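**Student:** Here you go, one structure.
The values are calculated or read from the model by the stated rules, or taken from the named source; none is laboratory data. Owing to the predicted nature of the structure, the values given are computational and were not obtained by experimental measurement. As a convention, Cβ positions derive from the backbone with ideal geometry for all residues, glycine included, and neighbour counts pool all protein chains shown. Areas reflect the complete protein model, heavy atoms only, side chains present, ligands, DNA and RNA absent. Shrake-Rupley method; radii C 1.70, N 1.55, O 1.52, S 1.80 Å.
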Amino acid sequence: MTETKKKNEWFEWAKAIIIAVLIAFFIRSFIFATSIVEGESMNPTLESGERVIFNKAIYLINEPSRGDIVIIQRPFKNYVKRVIALPGETIEINGSNLFINGDKYEQSFLGEDAQRRTGNFGPIHIPENSYFVMGDNRAISKDSRNGLGFIDEDDIIGRSEFIIFPFNEWSRTR
């Protein structure tokens with residue numbers, strides 16, 4: 001093999017590696033990222049220590065929907081919570097019943113025990129450009145009821161899509 005051919009081969013390999021790194025950086029920065037679930041507030045949907053992939057681009061073209069599991073960015077910590085009420089809605093929790101704008105909302109993602117342990121809250125009106133979020137483990141969750149307050153649309157940085165770790169629990173998050 002000639003010296004020129006070796007240089008061309010190395011150049012092609014270097015170019016391919018640089019392009020792959022740039023594509024990975026773009027995807028990680030603007031489309032998908034990972035987050036580690038900390039704490040028990042999203043049990044049983046998500047457990048502490050699980051790693052999730054979240055979609056950072058989805059809310060550039062859509063708005064968060066009720067039921068979405070979202071990543072909320074705060075200065076010192078990110079939170080993983082479920083969107084319960086949308087801007088302009090009124091929410092009330094009476095025992096195990098959740099009412100949105102006066103209509104009972106079925107929380108199919110929660111077990112009966114979690115619904116019973118939610119407690120009473122509201123009624124409260126959600127301001128424009130804000131969301132009301134709660135963890136699925138209502139009894140211990142720090143959420144819009146007790147510490148996080150209303151979540152500004154700009155603080156929602158993505159929607160959880162998949163559990164990727166531990167590997168034996170790989171699945172969609174919903």
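**Student:** How about the stretch 34-119: which strands (runs of 3 or more DSSP E) wholly inside it have at least 1 residues that are under 13 Å from ARG138 (Cα atoms) and touching a strand residue (DSSP E or B) at 6+ places or on another chain (Cβ under 8 Å)?
**Tutor:** Numbers: elements: 51-55, 69-73, 78-85, 90-94, 97-100, 103-105.
Strands (runs of 3 or more DSSP E) meeting the threshold: 78-85, 90-94, 97-100.
**Student:** Okay, moving on. Only one of these is among the aromatic types (Phe, Trp, Tyr), out of contact with any Cys (no Cβ under 7 Å at 6 or more places or on another chain) and without any contact (Cβ under 8 Å) to a residue 40 or more places away in the chain: PHE54, PHE132, PHE109, PHE150. Name it.
**Tutor:** Details: PHE54 fails: without any contact (Cβ under 8 Å) to a residue 40 or more places away in the chain; PHE132 fails: without any contact (Cβ under 8 Å) to a residue 40 or more places away in the chain; PHE109 fails: without any contact (Cβ under 8 Å) to a residue 40 or more places away in the chain.
Sole residue among the options that is among the aromatic types (Phe, Trp, Tyr), out of contact with any Cys (no Cβ under 7 Å at 6 or more places or on another chain) and without any contact (Cβ under 8 Å) to a residue 40 or more places away in the chain: PHE150.
**Student:** Something else: Would it be correct to say that ILE157 is without any contact (Cβ under 8 Å) to a residue 60 or more places away in the chain and either in a strand (DSSP E or B) or among the aliphatic types (A, V, I, L, M) (or both)?
**Tutor:** Details: without any contact (Cβ under 8 Å) to a residue 60 or more places away in the chain: no; either in a strand (DSSP E or B) or among the aliphatic types (A, V, I, L, M) (or both): yes.
When the stated conditions are applied, ILE157 does not pass them.
**Student:** One residue is enough: does the stretch 94-109 have a residue meeting the conditions hydrophobic (A, V, I, L, M, F, W, C), within 13 Å of the chain's Cα centre (by Cα) and closer than 26 Å to THR34 by Cβ?
**Tutor:** Restricting attention to the stretch 94-109, the residues satisfying the condition of being hydrophobic (A, V, I, L, M, F, W, C) are 98-100, 109.
Then keep just the ones that are within 13 Å of the chain's Cα centre (by Cα); that gives none.
No, there is no match, as no residue in the stretch 94-109 is hydrophobic (A, V, I, L, M, F, W, C), within 13 Å of the chain's Cα centre (by Cα) and closer than 26 Å to THR34 by Cβ.
**Student:** Among the residues of the stretch 16-54, count how many are open to solvent by 90 Å² or more (accessible area, probe 1.4 Å), among the basic types (Lys, Arg) and at pLDDT 80 or above.
**Tutor:** The qualifying residues number 0.
**Student:** Within the stretch 80-109, restricting attention to residues that are touching a helix residue (DSSP H, G or I) at 6+ places or on another chain (Cβ under 9 Å) and surrounded by 20 or more Cβ atoms within 10 Å (Cβ to Cβ), which residue is modelled with the highest pLDDT? Break it down stepwise before answering.
**Tutor:** Of the residues in the stretch 80-109, the ones touching a helix residue (DSSP H, G or I) at 6+ places or on another chain (Cβ under 9 Å) are 87, 95-98, 107.
Narrowing the set further to residues that are surrounded by 20 or more Cβ atoms within 10 Å (Cβ to Cβ) leaves 98, 107.
Details: LEU98: 91, GLN107: 86.
Ranking the qualifying residues of the stretch 80-109, first place goes to LEU98.
**Student:** Still on this structure, I have one more. Can you say whether ASN146 is open to solvent by 30 Å² or more (accessible area, probe 1.4 Å) and over 18 Å from the mean Cα position of the chain (by Cα), as far as the supplied structure shows? Show your work before the answer.
**Tutor:** Numbers: open to solvent by 30 Å² or more (accessible area, probe 1.4 Å): yes; over 18 Å from the mean Cα position of the chain (by Cα): yes.
For ASN146, the condition - open to solvent by 30 Å² or more (accessible area, probe 1.4 Å) and over 18 Å from the mean Cα position of the chain (by Cα) - is met.
**Student:** Would you mind finding the one in ARG117, ARG138 that is closer than 21 Å to GLU38 by Cβ, open to solvent by less than 60 Å² (accessible area, probe 1.4 Å) and among the basic types (Lys, Arg)? Can you show your working first?
**Tutor:** Working: ARG117 fails: open to solvent by less than 60 Å² (accessible area, probe 1.4 Å).
Testing whether each residue is closer than 21 Å to GLU38 by Cβ, open to solvent by less than 60 Å² (accessible area, probe 1.4 Å) and among the basic types (Lys, Arg) leaves just ARG138.
**Student:** Hey, does the stretch 68-91 have a residue that's without any contact (Cβ under 8 Å) to a residue 60 or more places away in the chain, among the basic types (Lys, Arg) and in contact with a Lys or Arg (Cβ under 7 Å, 6 or more places away or on another chain)?
**Tutor:** For the stretch 68-91, residues without any contact (Cβ under 8 Å) to a residue 60 or more places away in the chain, among the basic types (Lys, Arg) and in contact with a Lys or Arg (Cβ under 7 Å, 6 or more places away or on another chain): absent.
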